[in-house]
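**Student:** Input: one structure, supplied below.
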Amino acid sequence: MSLFRKKSIADLVRGTQGGAGLRKTLGATDLVLLGIGCIIGTGIFVLTGVAAAKYAGPGIMLSFVLSGLACAFAALAYSELSSMVPVTGSAYTFTYVSMGEIVAFAVGWALICEYTIGSAAVAAGWSGYMVGLLKSMGIVLPQAWTAVPADGGILNVPAVLITAFLSYLLMLGTRESANLNKILVAIKLACIAIFLFLATPHIEPLNWHPFLPFGWSGVSAGAAIVFFAYIGFDTVSTAVEECKNPNRDIPVGIVGSLIVCTILYIAVAAVLTGVVPYSSLNNSEPVAYALRAIGMNFGSALVAIGAICGITTVLLVFMYGQTRIFLAMARDGMIPQSLVKIHPKYGRPHIITLVAGGVVSVLSGLLPINIIAELCNMGTLFAFILVAVGVGVLRKTQPDAERPFRCPAVKIVVPMAVLLCGYLIANLPRETMEFFAAWYVIGMIVYFTYSRKNSAMAPKENDFSQKG
C-alpha cells in the first residue's frame with residue numbers, strides 16, 4: 001500500500017551526497033556536549049522543584065530514575081538505528097525505513113510539535129530569567145516589552161531577540177554553534193557544581209521523611225513531568241550527517257550525555273529536597289531559593305547566570321533539531337522541497353532555519369509561557385515508542401543489514417522501552433491527549449492533501465506501476 005511505502009537505507013544515503021549533503025565537522029565530544037546542552041536546562045532549574053512539591057516529594061529522585069530508565073532503553077534503540085541510517089531526521093527517518101511513510105509522517109509531525117512548542121516555551125523562560133537578573137542589577141525593563149499580551153504586555157522582546165540571534169548563529173554553521181554550546185555547557189555545569197558544593201553540607205536528613213508523601217502514584221506522575229528534563233538526547237541523532245565518524249560517535253554522544261545528565265539530576269534533586277522541605281520548592285527558581293534559604297544570597301546570582309546559560313543551550317539545540325527534522329521532511333516531499341536548499345557559502349539549510357526561527361520568535365513573543373511541558377513529552381514519548389518498535393521490525397525484515405552498533409538484549413530493550421514510555425504517557429493529563437489528537441487531525445489533513453502526492457517516493461511508485 002502506498003501509505004506504507006518505505007525508503008531504503010541505500011537511497012537515503014545517496015540522497016545526502018552531492019550538493020544536498022552537510023559538512024562533517026562534529027566529533028564524539030561535540031555530540032556529548034550537544035546532548036548535555038539540550039538536556040540540562042529548564043528541567044533542572046525549574047521542573048525539579050515543581051515536581052517535588054506537587055507530585056513526588058523527596059521521591060522525585062525515583063521519578064528521575066524512572067524517566068531515565070525509559071530514556072536509556074530508547075537511547076539504545078536510537079543508537080542502533082542512527083548507526084544503520086546515517087542520515088539526518090532522527091526518529092522520523094528511522095520510522096520511514098522501518099514502518100513506512102504515513103507512520104514516519106506521524107512521527108515527524110509529533111517532532112515538529114515537540115521542537116516548535118518546546119523552543120517557544122524555553123525562549124520565554126530564558127526571557128524571564130534574563131529580566132529577573134537585570135532587575136537584580138537595578139535594570140528594570142518595561143513590562144510592555146517583556147510580557148506577552150495575556151500578561152498585560154505587548155511583545156516579549158527578549159524572547160524574540162534570543163530566538164533571532166540563535167537562528168542566525170545556526171545559519172552560519174554548526175561549528176560556530178557547537179563552539180558556543182561548549183562554552184555555555186561549561187558555565188552551567190560549573191554553576192551546578194557550585195550549588196552542590198555549597199548546599200550539600202546543609203542537608204537535613206529529616207527533610208527526606210516521608211520519602212514518598214504522595215505514594216508511588218506521585219512518583220509516576222512526577223516522572224511524567226520531569227521527563228521534559230530529559231528531552232534532548234535524541235537531538236544528537238539529528239546531527240548524524242555532520243559527524244566525522246557517525247557509527248562510533250552517535251552512540252557515544254547519546255548514551256554519554258544521558259548518563260551524565262541522569263547523575264546530575266539525581267544529585268540536584270537529593271540536595272534540593274534535603275536542604276529545604278519539599279513543599280517549599282513550588283516556585284520558578286528552586287535552586288536559587290534553596291541557596292537563599294541557607295543564607296547564601298550571593299549564590300542566587302550564580303544560579304541565575306547558570307540558568308540563563310543552561311536555557312540558552314536548550315534553546316540552541318531545540319532549534320538545531322527542529323531545522324534538521326524540517327530538512328529531512330522537505331527532502332522527502334512531506335513539506336515544500338524549496339525549504340531544503342543548502343546555503344552555498346555556509347553549507348547549512350538557511351531557508352528552513354529562518355522559517356523555523358521566525359515561527360518560534362512569533363510564538364515566544366506573543367504566547368504565555370504556560371505552554372505545558374507535558375505536550376512536548378507526549379510528542380517525544382510517542383516518537384520513542386515508534387523508534388523502539390522500528391528496531392524490532394528491522395531485526396525481522398532486514399536481519400542481514402549492517403549494524404555498526406547493535407542494541408544489546410533487543411528482546412528485552414524494545415518491550416521495556418515501549419512499556420515504560422507508554423506508562424509515562426498514561427500519567428500525562430487528559431488535556432494533553434486532547435491537544436495532541438487535534439494536532440494530529442491537522443497533520444493528517446496536511447498529509448492527504450499535500451504530502452502524499454508530493455512525496456519523493458510517489459514518482460518511483462508511479463513509474464514502477466507503469467512499467468508493470
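**Student:** Cβ under 13 Å from LEU47's Cβ, LEU47 left aside: what net charge do those residues give with Lys, Arg +1 and Asp, Glu -1? Please report the intermediate quantities before stating the final value.
**Tutor:** Details: positive: LYS54; negative: GLU285, GLU374.
So the surrounding residues net to -1.
**Student:** Additional query: With all distinct Cα pairs included, what does the Kirkwood hydrodynamic radius of the chain come out to in Å, to one decimal, could you say? Could the numbers behind the result be given before it?
**Tutor:** Details: mean 1/r = 0.0446 Å⁻¹.
That comes to 22.4 Å for the chain.
**Student:** Something else about it: For the range 373-429 and the range 201-278, compute the distance between their C-alpha centroids and round to whole Å.
**Tutor:** About 19 Å separates the Cα centre of the range 373-429 from the one of the range 201-278.
**Student:** Relative contact order for the range 2-467: what percent, with Cα pairs under 8 Å and sequence separation of 6 or more? Can you show the working numbers first?
**Tutor:** Numbers: 831 pairs, mean separation 157.0, N = 466.
Contact order relative to length: 34 percent.
**Student:** Okay, moving on. Output needed: percent of Cα pairs per 10 Å distance bin for the range 55-177, bins running from 0 to the one holding the longest distance.
**Tutor:** Bins of 10 Å from zero give 11, 23, 28, 27, 10, 1 percent of pairs.
**Student:** Can you compute the charge dipole magnitude of the chain about its Cα centre, using +1 on each Lys and Arg Cβ and -1 on each Asp and Glu Cβ, nothing else charged? Give it in debye, rounded to the nearest 20.
**Tutor:** Details: 29 positive and 21 negative charges, 202 e Å.
Rounded to the nearest 20 debye, it is 960 debye.
**Student:** Hey, which lysines would be in cross-link range of LYS54, C-alpha to C-alpha under 28 Å, not counting anything within fewer than 8 residues on its own chain?
**Tutor:** LYS188
**Student:** For MET457, MET444, MET61, what ranking results if the residue with the fewest other Cβ atoms within 10 Å of its Cβ goes first?
**Tutor:** Working: MET457 18, MET444 14, MET61 24.
Ascending Cβ contact count within 10 Å gives the list MET444, MET457, MET61.
**Student:** Let me ask something else. I'd like to verify something in the chain: which complete DSSP H helices, judged by Cα projection on the helix axis, reach 20 Å or more and average at least 1.0 on the Kyte-Doolittle scale? Mind showing how you got there, number by number?
**Tutor:** Working: long enough: 60-84 (36 Å, 1.58); 101-136 (52 Å, 1.14); 157-172 (23 Å, 2.24); 174-199 (37 Å, 1.31); 246-275 (43 Å, 1.59); 298-331 (51 Å, 1.51); 350-366 (24 Å, 1.90); 373-397 (36 Å, 1.36); 410-426 (24 Å, 2.24); 430-446 (25 Å, 0.92).
For the chain, where a helix must reach 20 Å along its axis and average at least 1.0, the hits are 60-84, 101-136, 157-172, 174-199, 246-275, 298-331, 350-366, 373-397, 410-426.
**Student:** Continuing with the same structure: With contacts defined as alpha carbon pairs under 8 Å and 6 or more residues apart, what's the relative contact order of the range 126-228 in percent? Provide the component values of the computation, followed by the final result.
**Tutor:** On the way: 42 pairs, mean separation 11.0, N = 103.
Result for the range 126-228 is 11 percent.
**Student:** Could you sort out which of LYS182/LYS411; LYS244/LYS345; LYS6/LYS345 sit more than 30 Å apart by Cα distance in this structure?
**Tutor:** Details: LYS182/LYS411 37 Å; LYS244/LYS345 20 Å; LYS6/LYS345 33 Å.
With Cα atoms farther than 30 Å apart: LYS182/LYS411; LYS6/LYS345.
**Student:** Per q in 0.15, 0.17, 0.22 Å⁻¹, report the Debye log10 I(q)/I(0) for the range 183-291, using one uniform scatterer on each alpha carbon and no solvent.
**Tutor:** -0.79, -0.95, -1.29
We did not get these values from a lab; they are worked out from the coordinates using the rules stated. These figures come from a predicted structure and were not determined experimentally. With ideal geometry, Cβ positions are generated from the backbone for all residues, glycine too; neighbour counts draw on all protein chains shown.
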